[in-house]
Amino acid sequence: MSDAVIRVVGLGKSYATAAGLFPALKGVDLEIQAGEYLAIMGPSGSGKSTFMNLLGCLDTPSTGDYYLTGQNVAHLDKDALAGLRNRTLGFVFQGFNLLPRMSLQDNVALPLVYAGFAKDSRRARARELLTKVGLGNYAESLPSRISGGQQQRVAIARALVNQPRLILADEPTGNLDSHTSEEIMRLFGELNAEGITIVLVTHEADVAAHAKRQVRFHDGEIVSDQLTGSGA
Amino acid sequence: MLKAMLGEAWLAMGANRLRTALTMLGMIIGVGAVVIMMAIGQGAQYAVQQTISTMGSNLFIVLSGSFTTAGVRSGSAGAPTLNVADANAIAELDGVVNVSPTHQGSRQLVYGSQNWSSQVLGTTPEYLEARAWNVVEGAAFGDSDVRSATRVALIGKTVADNLFNGDNPVGKTMRIQQNPFIVIGVLGSKGQNLDGRDQDDTVIIPLSTAQRKVFGTPFLGSVRMIMVQADAADNMQRVMDATTSLLRQRHRLREGQPDDFFMRNLSAAAESEAETTRTMSILLGAIASISLIVGGIGIMNIMLVSVTERTREIGIRMAIGARQQDILTQFLLEAVMISFAGCLLGLLLGLIIALAINAFTGMVIVISGSAALIAFAVAAGVGVFFGWYPARKAAQLDPIEALRYQ
């Protein structure tokens, strides 16, 4: 229990619409232990994206509590949430979301700028991570010069740069072909083996199959939660 | 961190060069206009100041009164109502630093085969002091010359040029009407006064010599004019009032009887001229500032476009840990950098144009460091002021909304 990276209790989120409050998430309880590799699945509109935004500290819940590494972050202010996004979490998006005008190295180093690291240590750390994801030779290239799979690996390097406990990936293979998807999933597997907790959202069963635990959402609620035991 | 952000602002500016350049152009024109207008305005002020300083400061003159004969009035300085004793009494008043009685008129000068008509001014050595007029060649006459009515003369530059034709006038003898005078000095050039009269077309001789040998006087010691210098501009009115009552008392004028002298404040005209040029230069500056504001609005406009265009980038930055303040700083820096760069170029452009104006029209311009500094401060202010709203808008974006933005 004390080792839970994520613990949510009765987490709910409602959006104001023309037809009144729409509950996108209806009081979800979930606990994710350190080192887990978890896939969140569900059809669109099931609330999984809303849940992911809350986990990622991009949004604050309407009801319930969210303990991130033991700290209740449900009601923190924007700057405190920004700090968590910077140091405790790493994000990987479907669309890679690299900044097009910056070199790969600067893209990877960007979170360190906001963390206040000096230039030399930023560079060194960014190089180290680019090498780790196999792109050490492309440090000075622009994102537009490399393939989608490579861009996603850079995005993963960026997510890792501040040594987070947790990686959140939202459809990380959604824009990739099956071969490249395999590569990315292998990389996630390696990271998980190093002890990093990984939570990914996907609607593809074969991607979810890489995870050790699968949680299904439907209509804002968790409908199933099972260990797959397969691993990567 | 700030260094990293400066680098990023530079990148962002370079990403859309034409747009950045056009935005900057607004600032360049604004700052350039301010610099040019201030240079011209201050130049005009400087020119007036120069004229005033050639005239002497805090001066007023007392002219002897007019008389009426068979209904014909003589005009000022027609009646011999002032004399040297009046001047000496005025000198005793509080706040008076300098008094010089003068007696002047236009006379024909002759040297060798040349002749020239000029203003001949009989006065005391104090006159040169009051007008801050120095002798560039030779020497001035002293009180002893006034006491003994020697025939010595100081000549202005125009007289020297026209009468002596390149000869060194000092030590030469010229005639004022029939009387021979030794030229003992040449006066420094003062140029035109505010009315455009050539101040260098003058001969200055001792007062007593003028009274006895050149003009003659109706009464012993009478003078046409007394020039008085007060110790401070604030004291002028008080000294003038005191002079009036002193002279009325000395001339035994009863209550209700009009003054038998006239008084003119020489500095007042100059000061109003200075005031006019000051107002003009403020006006010019104000008009130029409008273009600076327009330039600022241009920056704001482009920054707003930039924030909208880069909404997704802002979302990404927020997702990886940028705080509101980081985003705010980033966009503010961009706005300030554009306005600063524009300011620098505008300063340069303004300088070049101002110098060109000076070179081609001969108009006096003054480029002061303080004007440049003010322009810089204003430009930075404009950058912050007009960059603030777009930057705040960027910083307050919702990260989820921003990330979804296509």
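Does A:ASP177 meet the test of being under 28 Å from A:ALA39 (Cα atoms), within 12 Å of chain B (Cβ to nearest Cβ) and open to solvent by 30 Å² or more (accessible area, probe 1.4 Å)?
No, not satisfied.
Of the residues that make up region B:112-133, is at least one in contact with a Pro (Cβ under 9 Å, 6 or more places away or on another chain), part of a strand (DSSP E or B), assigned by TED's automatic domain parsing to the domain that holds B:SER208 and open to solvent by 20 Å² or more (accessible area, probe 1.4 Å)?
Checked against the condition, which is being in contact with a Pro (Cβ under 9 Å, 6 or more places away or on another chain), part of a strand (DSSP E or B), assigned by TED's automatic domain parsing to the domain that holds B:SER208 and open to solvent by 20 Å² or more (accessible area, probe 1.4 Å), region B:112-133 yields no hits at all.
Hey, any hits in region A:134-155 for a residue that's among the aliphatic types (A, V, I, L, M) and under 16 Å from the mean Cα position of the chain (by Cα)?
yes
Do the conditions hold for A:VAL73, that is, is it hydrophobic (A, V, I, L, M, F, W, C) and open to solvent by 10 Å² or more (accessible area, probe 1.4 Å)?
no
So, restricting to helices (runs of 4 or more DSSP H) that lie completely within region B:311-406, which ones have at least 1 residues that are away from chain A (no Cβ under 14 Å)?
Working: elements: B:311-319, B:324-361, B:369-395, B:399-404.
Per the criteria, B:324-361, B:369-395.
Restricting the search to region B:164-188, which residues are aliphatic (A, V, I, L, M) and touching a Ser or Thr at 6+ places or on another chain (Cβ under 8 Å)?
Scanning region B:164-188 gives B:ILE182, B:VAL183, B:LEU187.
If you go through region B:214-272 one residue at a time, how many are of a type outside the set (S, T, N, Q) and either within 21 Å of the chain's Cα centre (by Cα) or loosely packed, with under 14 Cβ neighbours inside 10 Å (or both)?
The number of residues fulfilling the criteria is 21.
Take B:ILE353 and decide whether it is open to solvent by less than 40 Å² (accessible area, probe 1.4 Å) and either within 19 Å of B:ALA47 (Cα to Cα) or among the β-branched types (Val, Ile, Thr) (or both). Before you say what the answer is, go through the steps one by one.
Working: open to solvent by less than 40 Å² (accessible area, probe 1.4 Å): no; either within 19 Å of B:ALA47 (Cα to Cα) or among the β-branched types (Val, Ile, Thr) (or both): yes.
It is false that B:ILE353 is open to solvent by less than 40 Å² (accessible area, probe 1.4 Å) and either within 19 Å of B:ALA47 (Cα to Cα) or among the β-branched types (Val, Ile, Thr) (or both).
For region A:90-140, name all the residues that are surrounded by 16 or more Cβ atoms within 10 Å (Cβ to Cβ), assigned to a loop (DSSP other than H, G, I, E, B) and more than 10 Å from every other protein chain (Cβ to nearest Cβ).
A:GLN94, A:SER103, A:VAL133, A:LEU135, A:ALA139
Considering region B:5-52 alone, what residues qualify as being away from chain A (no Cβ under 14 Å), over 32 Å from the mean Cα position of the chain (by Cα) and surrounded by fewer than 20 Cβ atoms within 10 Å (Cβ to Cβ)?
B:LEU18, B:ARG19, B:ALA21, B:LEU22, B:LEU25
Just to be sure before I move on: is B:ILE182 crowded, with 20+ Cβ neighbours inside 10 Å and either assigned to a strand (DSSP E or B) or not hydroxyl-bearing (Ser, Thr, Tyr) (or both) in the structure I sent?
Criteria not met by B:ILE182.
The values are calculated or read from the model by the stated rules, or taken from the named source; none is laboratory data. Owing to the predicted nature of the structure, the values given are computational and were not obtained by experimental measurement. Here Cβ is always computed from backbone atoms with ideal geometry, including for glycine, and neighbour counts include all displayed protein chains. Surface areas here come from the heavy atoms of the whole protein model, side chains and all, with no ligands, DNA or RNA. Shrake-Rupley method; radii C 1.70, N 1.55, O 1.52, S 1.80 Å.
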